[in-house]
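Engineer: The following block contains the structure, expressed as structure tokens.
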Amino acid sequence: MNAYVQQVIENVKAKHASEPEFCQTVEEVLSSLSPVMDKHPEYEKVDLLNRIVEPERMFTFRVVWQDDNGNYHTNTGYRFQFNGAIGPYKGGLRFQKNVNPSIIKFLGFEQIFKNALTGLPIGGGKGGADFDPTGKSDAEIMRFCQSFMTALYRFIGPDVDVPAGDMGVGGREIGYLFGQYRRLKGVWENGVLTGKGQTYGGSVIRPEATGYGAVYYLNEVLKHENDTIVGKTIACSGFGNVTWGICKKAMQLGAKVVTLSGPDGYIYDPDGVATEEKVNYLLEMRASNRNRVQDYSDKFGCEFYPKEKPWGRKVDIIMPSAMQNDVRMDSAEKIAANHIKYYIEVANMPTTNDALDFLRHQEGMIVAPSKAVNAGGVGVSALEMAQNSERLVWTPDEVDAQLHHMMENIHRVSAEAAEEYGLGYDLVAGANIAGFKKVATAMYEQGVF
Ligand code: GLU
């Protein structure tokens with residue numbers, strides 16, 4: 001490995017020992033960059049790698065809110081503005097009990113390269129709070145969002161930093177956040193947030209975009225292998241917004257998702273989550289705030305496996321779409337033993353580094369990285385920003401065509417970047433290299449800071 005790359009990875013591990021997820025993503029991304037750094041010694045001269053792993057700005061803030069019984073609760077809010085070299089900071093807000101600096105930092109770091117891959121002018125950022133939406137009433141969610149935005153509004157803006165949704169933050173939360181921003185600033189700046197409702201500047205297809213984009217990307221991989229999506233079975237995890245979009249697009253294209261998972265276990269539906277009724281039921285499950293996938297098997301009468309993961313299932317395609325570190329070594333071994341050809345990451349960093357390394361070395365297996373596969377979500381967010389600044393509304397066909405084109409492009413530039421460095425069809429290294437090259441060029445040309 002390139003000595004400078006090695007040294008920066010070691011620096012990060014020593015300095016951020018208490019942030020395992022952040023160290024994990026830094027190691028994953030930087031270890032792809034050896035051949036790039038060999039070819040570009042000028043980057044080392046300006047210490048570009050130590051700069052790129054250091055957020056431009058990060059802060060926490062106090063969020064106090066009152067529950068329906070009149071009791072007060074205090075949470076920690078976060079916003080990490082990681083890299084603004086190619087555009088305003090852009091990335092979601094995650095509301096989940098386990099949110100901590102390491103999680104927000106790993107997500108923010110991934111976001112830099114993902115956003116660059118979209119080909120659109122957006123920098124990398126991420127935020128959220130250690131607030132648990134499970135079991136909260138609508139009024140409690142609203143009060144939390146209003147308090148959160150009251151603390152954050154002076155540090156964001158359409159040309160500064162544009163938050164969006166992530167786990168625990170969907171259309172409802174974005175609505176409350178935007179309402180409070182508008183109330184506090186007294187201006188119509190709807191480009192400050194994406195994932196909005198369609199009556200006030202939200203883009204059509206944004207809710208579906210991450211899942212649709214993932215299936216478009218998968219389709220490019222299948223084309224590359226002279227294979228077809230028709231008739232394929234897919235194992236997914238999660239049952240939220242992203243998995244919903246995958247089920248919907250897979251159904252349209254003639255494939256079927258046969259597993260879903262939640263914190264309680266997983267379901268196996270051999271007929272597929274492939275009817276309008278089933279796909280729509282995922283939305284109900286999410287809106288109920290119960291966070292239970294067993295509700296699906298109760299309703300549709302299929303098998304439920306408590307406390308298990310779906311990775312031992314023999315299917316054609318695996319798409320982990322729930323959360324980080326969902327696939328560890330034990331699951332990776334089962335996937336390899338089943339000779340599954342397509343391992344398509346969807347959630348951010350769903351695979352531990354050892355499991356990812358193991359899968360990438362399986363003969364005949366194709367591994368696609370989440371920062372490319374799930375980039376359609378933030379990509380359509382960038383299209384939402386474009387519509388907001390133009391004061392225009394694009395049609396579903398226009399947005400879908402752009403999303404489709406974007407995903408083809410992401411697959412192509414990743415494959416080309418890997419090819420350029422003699423790595424063959426390595427989509428993981430290719431995505432890291434292609435995303436990095438754009439941001440590194442911008443940082444280099446803007447001088448040292
Ligand atoms: N949270 C999503 C992501 O990880 C969406 C971000 C956005 O739309 O800004 O990319």
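Engineer: Taking a ≥ b ≥ c as the square roots of the Cα gyration tensor eigenvalues, with a/c under 1.5 meaning rounded and otherwise prolate when a/b beats b/c, else oblate, which class fits the chain?
Structural biologist: Cα axes put the chain in the rounded bin.
Engineer: Here is a follow-up. Run down the aspartates and glutamates and flag those whose C-alpha is under 20 Å from the C-alpha of residue 223, throwing out any fewer than 8 positions away in its chain.
Structural biologist: 316, 345, 363, 400, 408, 416, 419, 426
Engineer: Within a Cβ distance under 9 Å of residue 374, other residues only, what is the Lys/Arg minus Asp/Glu net charge?
Structural biologist: With Lys, Arg at +1 and Asp, Glu at -1, the neighbours total +1.
Engineer: Ok, one more. Would you mind working out the magnitude of the charge dipole of the stretch 153-212 relative to its Cα centre, with +1 at each Lys and Arg C-beta and -1 at each Asp and Glu C-beta, to the nearest 20 Debye?
Structural biologist: The calculation lands at about 260 debye.
Engineer: Mind running the shape call on the stretch 203-282? Use the C-alpha gyration tensor, a ≥ b ≥ c as the square roots of the eigenvalues: rounded below 1.5 for a/c, prolate if a/b tops b/c, oblate otherwise.
Structural biologist: Judged from the Cα gyration tensor, the stretch 203-282 comes out oblate (a/c at least 1.5, b/c at or above a/b).
Engineer: Something else about it: Scan around residue 345 for amide H atoms under 5 Å from its own, H built in the peptide plane at 1.01 Å from N, and keep only partners 5 or more places away or cross-chain.
Structural biologist: The answer is 368, 370.
Engineer: While we're here: Set the bar at 32 Å for Cα to Cα. Now go through 90/249; 248/307; 97/341; 126/437; 90/136; 126/249 and name every pair that lies beyond it.
Structural biologist: 97/341
Engineer: While we're on this one: Between 202, 258, 395, whose Cα lies farthest towards the positive end of the dipole of the chain when Lys and Arg beta carbons carry +1 and Asp and Glu beta carbons carry -1, centred on the Cα centre?
Structural biologist: Positive-end residue among those listed: 202.
Engineer: Would the stretch 382-449 count as rounded, prolate or oblate if I go by the C-alpha gyration tensor, calling it rounded below 1.5 in a/c and otherwise prolate when a/b exceeds b/c, oblate otherwise?
Structural biologist: oblate
Engineer: Here's a follow-up. Can you run phi through the Karplus equation (6.51, -1.76, 1.60; θ = phi - 60°) for the stretch 402-415 and list ³J(HN,Hα) in whole Hz, with x for Gly and Pro?
Structural biologist: Running phi through 6.51 cos²θ - 1.76 cosθ + 1.60 with θ = phi - 60° gives 5, 4, 4, 4, 4, 5, 4, 5, 4, 5, 5, 5, 5, 4 Hz.
Engineer: Please list, in chain and number order, the residues 5+ apart from residue 266 or on another chain whose amide H is under 5 Å from its amide H, with Hs placed from the backbone.
Structural biologist: So residue 266 has HN proximity to 305, 307, 308.
Engineer: List the residues whose amide H sits under 5 Å from the amide H of residue 85, counting only those 5 or more places along or on another chain, with H placed 1.01 Å from N in the peptide plane.
Structural biologist: For residue 85, whose amide H was placed from the backbone, the distant partners under 5 Å are 124.
Engineer: Then there is this: Evaluate the charge dipole of the chain about its Cα centre and quote only its size in Debye, nearest 20, assuming +1 on the Cβ of each Lys and Arg and -1 on the Cβ of each Asp and Glu.
Structural biologist: Computed charge dipole of the chain: roughly 980 debye.
Engineer: So what are the ³J(HN,Hα) numbers for the stretch 113-121, from phi and the Karplus equation (6.51, -1.76, 1.60; θ = phi - 60°), rounded to whole Hz, Gly and Pro as x?
Structural biologist: 7, 4, 5, 4, 5, 5, x, 10, x
Engineer: Could you tell me which residue out of 112, 88, 46 lies farthest along the dipole of the stretch 28-133 toward its positive end? Charges go on the beta carbon: Lys and Arg +1, Asp and Glu -1, centred on the Cα centre.
Structural biologist: Highest projection toward the positive end goes to 88.
Engineer: Under a Cβ-only charge scheme (Lys and Arg +1, Asp and Glu -1), can you give me the dipole magnitude of the stretch 344-415 about the Cα centre, in debye to the nearest 20?
Structural biologist: So the magnitude is around 140 debye.
Engineer: Using each residue's phi in the stretch 210-219, evaluate 6.51 cos²θ - 1.76 cosθ + 1.60 at θ = phi - 60° and report the 3J(HN,Hα) Karplus result to the nearest Hz, with x for Gly and Pro.
Structural biologist: These are the phi-based 3J(HN,Hα) values: 5, x, 4, x, 4, 6, 4, 5, 3, 4 Hz.
Throughout, read-outs are computed from the coordinates displayed, never taken from laboratory work. All of these numbers come straight from a predicted model, not from anything done at the bench. Heads up, the Cβs are rebuilt from the backbone with ideal geometry, glycines too, and the neighbour counts pull from every protein chain shown.
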